[in-house]
Each structure stands twice: as structure tokens, then as C-alpha cells.
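Working notes for the structure below.
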Amino acid sequence: MGLLRRDRLLLVCALSALLAADVYFHLWPELQLRLKRSCGCSDPTPSTDSTSPAAQLQEGTAGAAGSKLQQLLSHPLYRAKGTEAPEPLLDPQEALKSYRRKVANLNRRRRGRRVAGNQTVSLPPATFDPRAPWLRFHLGIRKDALYPRSGPALDGLLERMRDAPIIRADYSPDEKALNGECDCSQVVKPSGTHLKLVLRFQDFGKAMFKPMRQSREDETPEDFFYFVDYQRHNAEIAAFHLDRVLDFRRVPPVAGRFVNLTRDVLQVTTDDELEGVFFVSPANNVCFFAKCLYACKTEYAACGNPHLLEGSLSAFLPSLNVAPRLSVPNPWIRSYTFTGKEEWEINPSYCELVKRVPPYSNGTRLLNIVDLAIFDFLIGNMDRHHYEIFTKFGDDGFLLHIDNARGFGRHSHDELTILAPLYQCCRIKEETWLRLKLLALPEYRLSDVMRESLSRDRLLPILTEPHLLALDRRLQKVLRAVDECARIHGESAVLIKKSAPRTPATAQPETART
């Protein structure tokens, strides 16, 4: 009997403890919150001007906890502003009509069977799905960026590039051009020391494949010129994530993937030249090399293990017949000879010359060049000889940050000359400067959000720890360059909120300049 009473007492104590915990942790905080909302008391802290840079930085930084990347993307600086939707690149009906026609033409050419060895292999047809992630990506390109800050389309596209069946493989267009004449008077010849393949998916999506050529730990030797360095597949992946973290959204989506060289390339290609550069190495690994006029031998091949080879897949932009683009020489192009120098390298006032020439004299083009220079400095890319723009958006359209495989070569060196557009022009978008300042705060440290963002890719780790820490170091140097400009010219002259109005009388067509 006494034992039963003691059990009852223990049960009552346990229930009382649970009730007390529920009141303390759930009911009481809710009651406090409601009392605070209804008390009508004013906030004792002094108000700040929400339009000032300091106020924009301060908003959203208190009480940060959990995922730094999610906190960053939910910060007011990363939330869409305004109610008007930016101008779209493509007309949906025209794009759908064009892509349906392309699918039909591709399947018509692939109806036959190809012979591989002694076996006849049927080529799988391409299908067209109006809801395919790659098509949603194309239709989502706007005048302000390649993709919106949030939405399922981008994540769906990255997932499809990692897993979608591959039905066709081909050389990239510039590699096909290598069958022509080579101008050996130039130091830089057409591409060939790096390998690129165009892979077509069953849903008609298309991506550029750059295979792994060196390990993450291999730094570019000090004696290498920037134009002879190998291209790194992990640099393409990391550049996409950095571009997204900076909220530029000007790099086409990139995902890492293991490609089966036999099944995904050799067995589905209809290119006899591509098929002819495959071989089996002495270690019984499947390998292939580029078809070009120099440095294209078996010792420069990329090899699987024995069939699987990791690489980056960059989503293709809309075809040129539906979305024309222009390739424009970078005003701060480097000399591609062993001894020569460009004018900007020897003339500190070079930017004054650039600002007299349209489109750099009006609009946002010069500010976009500065954005691109900051991006290249952070990744260590010295090979930005051209940039591309969509012709539909005109001179004020954003610059495409494509072909970033020569970034992240040396974490131990910061090439300050990449920042020449910034420290020679002393202009920067205020919104860019605010985001850079935000990423320098401990709550949103650039290396931390990049580490978290890169962890979502299948090929992690994408960057070694020294490369991640180099991002923080370089970010501080960018901010110091802006501070020095502000000290000399004044903050109002350096931080540009909105571009100067365009004067049609001085503007001229981009085609005339290129």
C-alpha cells in the first residue's frame, strides 16, 4: 500500500514539473509578447534615418543566429525593392516556338543509329518540357539579373544538371574553330590546353562541361603568366556561388557533377573527331584530350577513374538567335604579350579617358565594370579580356560574369592591379559598397557564407580553407580602396546611388564601338 502511494506521489511530481515547464517556456513568453504589443509604449532607443548607409547596414543584423547564409539572404539589402517587374529578356511565346523547332530538328538528325565498335547503338531522342528548369531559367532572365533572388527554378536547374541523363556530347564551338588556321604570331592562341565539352540533356537542356585538371591544393606557379594557366573546374563553381552571395546574379548557374566518360560522352557523341581522341591509359582509365593545333597530346588528357571524372557544368544562356549578345573588349584589358603593357598600366589618369567615351560616359556601364573588377579581384582572375552583354537591354544592361575558370589560382597572392577600375575611377555603386560592408561583419563573414553555400554542391569541398580565408583578406582591401577614394574625393562623389541620366545625343550604337 505504501508503495502505491509513493508511485502516485512521483507521478504527481512529474506532471507538475511538465506543467511548470510548459508555462515557463511557452505560455509566459507568449503572454509577455502580447503585453508588450498592447502597452502602447514608445521605443526608448533613438530613431535612425532608414535611408542612410549606416541604418541599412544596422537593420537586420541584431540577434543573428543559425544559418549565416539564410540570414544574409533575408537581410533588407538582399530583399527585392520596388513594385515594377524588370524587363524580361525573352518573349515566352517566341521562345517556346523556337525551342520546339530546335528539338524537332535535333531529333530528325538523330533518328539514325550510330555504330560503336561492333555494336549498333540507338541514340535517345530529346524531349521538350515547357516546365523544364533550364527553360524557366531562360524565361526568368530580366534586365537586372540572370535569375531572381529567390524561387525554385534555380535550385531545380542545379539539381537537373547534377542528375539529368546526357544524350549528346560535342566539342565546344571555339574548339571546333581550332581546325582552322592558327596565328602563331600571337602568344595567346585559341583554347586547347583546357578541355570543354557541350553536354545535352534529355530535356533539351545544355551545359558546358569543364573537367578536373588539377587538385584543389595545387596553386598556380609564380612564374606562370595568367594566359597560360590551366582552367579550374572548381573555380567555375565557386565563382557562381560568390556572384550569388554578392547579389550580382550575373554568372550562369554552375553545378559540380561526376560524368561517366564512356556512357555520358563516348557512347552518345556523333562527332568523329571527339570519338577519335578517347583512349585507355596504361592504368586502365578512360581518357580524352582536346583536338587542336598545339599542346593537345595524350599527356595533356583528362582521365576518369576509371570512367568517372568530376567537372563543372555551366548552364547555357539562351541561343543567340533568340537573345543576341555582344562581346565587348574590356577597357582594362591586359597585355597578352610577354613584355608589352596597356595604357591603363602606365597612366594613372586612364579612367578620365574612358569616361569621355560612350557608353562609359553615361549610364551604369562604368559602374558595372567596377563591379566586375571587384568580383575578379576576390577570385583572383586576371584574364578578363572581354565581357558580354545582352543587346536587348542596351548600354545600361548588366555585364555577364562568364568564364571564371582562371580564378582561385593563388590564395597566397592578391593582385591589386585587378582593382584598377575602382581605384582609378573612384566610383562604386552604393548598393555594392553596402553589401561588401555587410559581408565584412562577423555576423555575415564572407568566408563563412561562402563555405556554407559551397557545401551544397556535390563535389565539396570546392575550395580549400586558405582560398576561403583569402576572400576575407581581399574584401578588406576592396573596402580600404573605397575608403581612400572617399578620403580624396568625398563619399558623395564615390558612392553612386543612381547613374547619371543618359544623353541620347552623345550615345552611339554598341556595334559601332566593337
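Just so it is clear, none of the values below were taken in a lab; they were calculated from the coordinates. Remember, predicted model here, so these are calculated numbers, not experimental data. Cβ sites come from the backbone with ideal geometry, for glycine too, and all protein chains shown count toward neighbours.
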- Task: State the Cα centre-to-centre distance between segment 375-393 and segment 254-269 in whole Å.
- Result: 28 Å
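Just subtract the alpha-carbon distance of residue 94 and residue 10 from 0.36 nm times their residue separation and send over the number in nm, one decimal.
Details: separation 84, 0.36 × 84 = 30.24 nm, distance 7.48 nm.
Residue separation times 0.36 nm, minus the Cα-Cα distance, leaves 22.8 nm.
Can you list which of the trypsin sites (Lys or Arg not before Pro) found in segment 368-420 are DSSP loop residues with at most 15 other C-beta atoms within 10 Å?
On the way: sites: 384, 392, 406, 410; in loops: 384, 406, 410.
The qualifying sites: there are none.
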- Extended-chain gain in nm, criterion 0.36 nm per residue less alpha-carbon gap, residue 349 and residue 320: 6.7 nm
- Message: Give me, ordered by chain and number, the residues 5 or more places off residue 168 or on other chains with an amide H under 5 Å from its own placed amide H.
- Response: 200
- By the mean-Cβ-within-10 Å protection proxy, highest first, 376-383, 414-421, 150-157 rank as 376-383, 414-421, 150-157
- Query: If only Cα atoms are counted, what is the Rg of segment 428-483, and what is its Dmax, in Å?
  - Reply: 12.4, 39
- Query: So for the pair residue 281, residue 67, with labels modelled 7 Å out along Cα→Cβ, what separation do we get in nm?
  - Reply: 3.8 nm
- Too long at a 30 Å Cα-Cα cut-off: which of 206/355; 355/477; 68/206; 392/429? 206/355; 68/206
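Expressed in nm to one decimal, what extension gain is obtained for the pair residue 127 and residue 492 from 0.36 nm per residue of sequence separation less their Cα-Cα distance?
Numbers: separation 365, 0.36 × 365 = 131.40 nm, distance 5.41 nm.
Gain on extension, residue 127 to residue 492, equals 126.0 nm.
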